[in-house]
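**Student:** Shown below is the structure under consideration.
The values are calculated or read from the model by the stated rules, or taken from the named source; none is laboratory data. Because the structure is predicted, anything quoted here is derived from the model rather than measured. Don't worry about glycine lacking a Cβ; one is built from the backbone with ideal geometry, like all the others, and counts go over all protein chains shown. To get the accessible areas, we keep the full protein, side chains included, count just its heavy atoms, and leave off ligands, DNA and RNA. Shrake-Rupley method; radii C 1.70, N 1.55, O 1.52, S 1.80 Å.
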Amino acid sequence: MPHESPYPPVKIPVRPYHELLLDSIDKTIAEGKNKIAFISGDNPNYTLTYEQLRKDAFAVAVYLHNIGFKKDVAAVVLPNVWHYASFFIGCSINGGAVSGASALFTDYELQRQFVDSRAKVVLTYEDFLPKVLLAVKQSPNIQKIIVIPKPAGSSLPSGVVSWNEVISTPVTALPQVPIDVHNDLLVLPYSSGTTGPPKGVMLSHYNFTSMISMYLAIDKSHNLDVLDPNWDCYKEKALLFLPFYHVYGFGLLNHCILKGMTGIVMSHFEPNNFLTAVQNYKIRILCLVPPIMVFLAKHPICAKFDLSSIQMIMAGAAPAGKDLIEELKKRYPNMKYIQQGYGMTECSMASHLPDLRNNQPYGSVGKLASNLVMRIVEPGTDREQPVNQRGEICVRGPTVMLGYLGRPEATASTVIDGWLHTGDIGYINEDGNLFIVDRLKELIKVKGLQVPPAELEDLLLSHPKIRDCAVIGIPDAKAGELPKAFVVRADNTLTEQEVKDFVKPKVSPYKQLEGGVEFIEEIPKSAAGKILRRFLRDRSSAKL
Ligand code: 4UU
């Protein structure tokens, strides 16, 4: 029998998601205190009120409508900046979806996402305009690039418009677009899933509304109120440094707006700015990824700041070990809860969340979230595993994606009869707490970010001196994992450095082959030609 969520079921509004956000923004504005929505983490004098957020969102909506943007895709190539929020709402009003890309992406990576997503518009930052322009050359669907802010003293190339011009669009009436909440896309994040290259994950309005409704309900009944029964989110500040292009950071941005909080937007994780913000804003809850836990546990710079306000850490996106949690508890006695959630882009963000009312054991990633059902099956079979026995985690429910854009086969092998096959191996105990123990899929996670081996393998195979290759993740104390390449040479003069130098300009810094390059006679493969990654992983760990 599938496992049901132990959390109370949640009623999911059947409405376009942006309406929920706008209702909440209206409510915050109606409080009449000119509430600040965002403060720049890099410069605290730089702020945006909720009223400005709404005004910008409406102007973006009208601008996009005027240029013929309909139920289309808009790519966003930005570090964390608050413009993300108004742009996203503006797109959604038109029935369009935002597809976020990392600001670290190279033109090679960007072009692949622009083409695959068939994006019509790109929003970017002036520093990235050169690489975006390069990528756009090969992306026939892109009609307009919006750039924040306008590059000083320079005129803009044709097809490029400044953010200031966009938000100056007069708004007399908003576009009236009927939204099919079950089928229209709200966001199109990229994920490699269990195998292959990054793919567009089609998340509908209803998917994301379900996710957010469940997140808010569990927060209220089982998490935040345990920390402080007089909890008033309205007075709290949220640190927004996890990337908005990833479901985790995007979810936190939405949570912040829906709760009428003030978000401290950090363009990226920078230790000094981060620690200063925790100290100055007396942050009580930190949502982060395990490498930042390692930083907090080990880095000497942390001792220079007063971090005693932190009462709770919520980690996700990669495993956080027991030793690390204990180290943190020792260093920060005020931290009452150090917890993990678990999730996946393909189920809109989190499928498991901690239950603080019932003492979450160390190492567990929480309990199945509301409205979801789960099965743990023996890999490759349909046989359900009993409690305490490991198997592949499969989840079903309203947060599971519609599918991968333009890839029916990948969709069919990932979502089977409504069950999302996560490619993760885990088990649950008698109390319904989930423990992740292994990863069946090939995905590598560096600092919580996805590194799809297939993408690197594809690139390596384009090198004339490489006959075959395979990329795996090897454990790393700081980053979690690092990509390592096994290479079969077509020419024995090829060196490790040459391989690394070849990859370097083509992919983002976190995807570099920092786990090393090992030359091998042959890549071990199954009879069906599938790379036997487990064999390579064992070979690699035996060498350490
Ligand atoms: C071991 O990483 C994510 C989503 C993370 C998330 C977000 C909000 C977790 C909790 C939360 O509250 O998505 P993806 O698609 O980038 O990566 C998904 C994969 C999983 O399949 C699993 O392999 O990332 C890994 N993963 C974890 N592994 C995610 N969370 C964990 C975890 N422990 N806690």
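**Student:** Quick one: which helices (runs of 4 or more DSSP H) lie wholly within the stretch 162-267 and hold at least 1 residues that are more than 15 Å from the ligand (Cβ to nearest atom), touching a strand residue (DSSP E or B) at 6+ places or on another chain (Cβ under 9 Å) and free of Cβ contacts under 8 Å to residues at least 24 places away in the same chain?
**Tutor:** Details: elements: 163-167, 205-218, 224-227, 247-258.
Here the list reads 163-167.
**Student:** Also, I was wondering about something else. Taking Thr411 as meeting all but one of (1) hydroxyl-bearing (Ser, Thr, Tyr); (2) within 14 Å of the ligand (Cβ to nearest atom); (3) buried (at least 19 other Cβ atoms within 10 Å of the Cβ), write down the number of the exception.
**Tutor:** Against the list (1) hydroxyl-bearing (Ser, Thr, Tyr); (2) within 14 Å of the ligand (Cβ to nearest atom); (3) buried (at least 19 other Cβ atoms within 10 Å of the Cβ), Thr411 comes up short only on (2).
**Student:** Looking at the stretch 425-440, which of its residues are surrounded by fewer than 22 Cβ atoms within 10 Å (Cβ to Cβ) and either within 11 Å of the ligand (Cβ to nearest atom) or over 30 Å from Pro354 (Cβ atoms) (or both)? First the steps, then the outcome.
**Tutor:** Start the filter on the stretch 425-440 by keeping residues that are surrounded by fewer than 22 Cβ atoms within 10 Å (Cβ to Cβ), which leaves 425, 427, 429-432, 435-440.
Listed by number, the residues that qualify are Ile425, Phe435, Ile436, Val437, Asp438, Arg439, Leu440.
**Student:** Still on this structure: Please work out if Gly529 is in a loop (DSSP other than H, G, I, E, B), closer than 30 Å to Val247 by Cα and free of Cβ contacts under 8 Å to residues at least 60 places away in the same chain. Walk me through it before giving the result.
**Tutor:** Details: in a loop (DSSP other than H, G, I, E, B): yes; closer than 30 Å to Val247 by Cα: no; free of Cβ contacts under 8 Å to residues at least 60 places away in the same chain: yes.
No, not satisfied.
**Student:** Moving on to the next point. Look through the stretch 456-476, keep the residues that are out of contact with any Phe, Trp or Tyr (no Cβ under 7 Å at 6 or more places or on another chain) and in a loop (DSSP other than H, G, I, E, B), and return whichever of them is nearest to the ligand (Cβ to nearest atom).
**Tutor:** Pass one, the stretch 456-476, residues out of contact with any Phe, Trp or Tyr (no Cβ under 7 Å at 6 or more places or on another chain): 456-462, 464-468, 471-476.
Now restrict to residues that are in a loop (DSSP other than H, G, I, E, B): 462, 464-465.
Values: Ser462: 26, Pro464: 33, Lys465: 33 Å.
My answer is Ser462.
**Student:** Search the stretch 318-356 for residues being more than 10 Å from the ligand (Cβ to nearest atom) and aromatic (Phe, Trp, Tyr), and hand back the single one that is nearest to the chain's Cα centre (by Cα).
**Tutor:** Tyr337
**Student:** Being open to solvent by less than 10 Å² (accessible area, probe 1.4 Å) and touching a Cys at 6+ places or on another chain (Cβ under 7 Å) narrows it down to one residue among Val98, Val132; which is it? Write out each step before concluding.
**Tutor:** Numbers: Val132 fails: touching a Cys at 6+ places or on another chain (Cβ under 7 Å).
Going through Val98, Val132 in turn, the sole match is Val98.
**Student:** Still on this structure: Would you check which residues across the stretch 160-186 are within 30 Å of Ser204 (Cβ to Cβ), open to solvent by less than 30 Å² (accessible area, probe 1.4 Å) and either acidic (Asp, Glu) or more than 24 Å from the chain's Cα centre (by Cα) (or both) and list them?
**Tutor:** Val161, Trp163, Val166, Thr169, Pro175, Asp184
**Student:** Name the residue that is nearest to the ligand (Cβ to nearest atom), counting only residues in the stretch 295-317 that are open to solvent by 20 Å² or more (accessible area, probe 1.4 Å) and within 21 Å of the chain's Cα centre (by Cα). Outline the logic, then answer.
**Tutor:** Within the stretch 295-317, the first condition is being open to solvent by 20 Å² or more (accessible area, probe 1.4 Å), and the residues that meet it are 295, 298-301, 303-306, 308-309, 311, 317.
Imposing the further condition that a residue be within 21 Å of the chain's Cα centre (by Cα) reduces the set to 295, 317.
Details: Phe295: 17, Ala317: 3 Å.
Step by step, filter the stretch 295-317, then rank; the result is Ala317.
**Student:** Can you find a residue that is out of contact with any His (no Cβ under 7 Å at 6 or more places or on another chain), more than 12 Å from the ligand (Cβ to nearest atom), open to solvent by 20 Å² or more (accessible area, probe 1.4 Å) and acidic (Asp, Glu) anywhere in the stretch 441-455?
**Tutor:** The answer is no, given that none of the residues of the stretch 441-455 is out of contact with any His (no Cβ under 7 Å at 6 or more places or on another chain), more than 12 Å from the ligand (Cβ to nearest atom), open to solvent by 20 Å² or more (accessible area, probe 1.4 Å) and acidic (Asp, Glu).
**Student:** A further question on this structure: For the structure I just gave you, tell me whether Gly260 is closer than 25 Å to Ala74 by Cα and either open to solvent by less than 40 Å² (accessible area, probe 1.4 Å) or touching a helix residue (DSSP H, G or I) at 6+ places or on another chain (Cβ under 9 Å) (or both).
**Tutor:** Details: closer than 25 Å to Ala74 by Cα: no; either open to solvent by less than 40 Å² (accessible area, probe 1.4 Å) or touching a helix residue (DSSP H, G or I) at 6+ places or on another chain (Cβ under 9 Å) (or both): yes.
Considered against the rule, which asks whether it is closer than 25 Å to Ala74 by Cα and either open to solvent by less than 40 Å² (accessible area, probe 1.4 Å) or touching a helix residue (DSSP H, G or I) at 6+ places or on another chain (Cβ under 9 Å) (or both), Gly260 comes out as no.
**Student:** Same structure again: Is it true that some residue in the stretch 139-146 is touching a Lys or Arg at 6+ places or on another chain (Cβ under 6 Å) and assigned to a loop (DSSP other than H, G, I, E, B)? Step through it out loud before you land on a result.
**Tutor:** Step one: of the stretch 139-146, the residues touching a Lys or Arg at 6+ places or on another chain (Cβ under 6 Å) are 141, 143.
Imposing the further condition that a residue be assigned to a loop (DSSP other than H, G, I, E, B) reduces the set to 141, 143.
The answer is yes; a qualifying residue exists.
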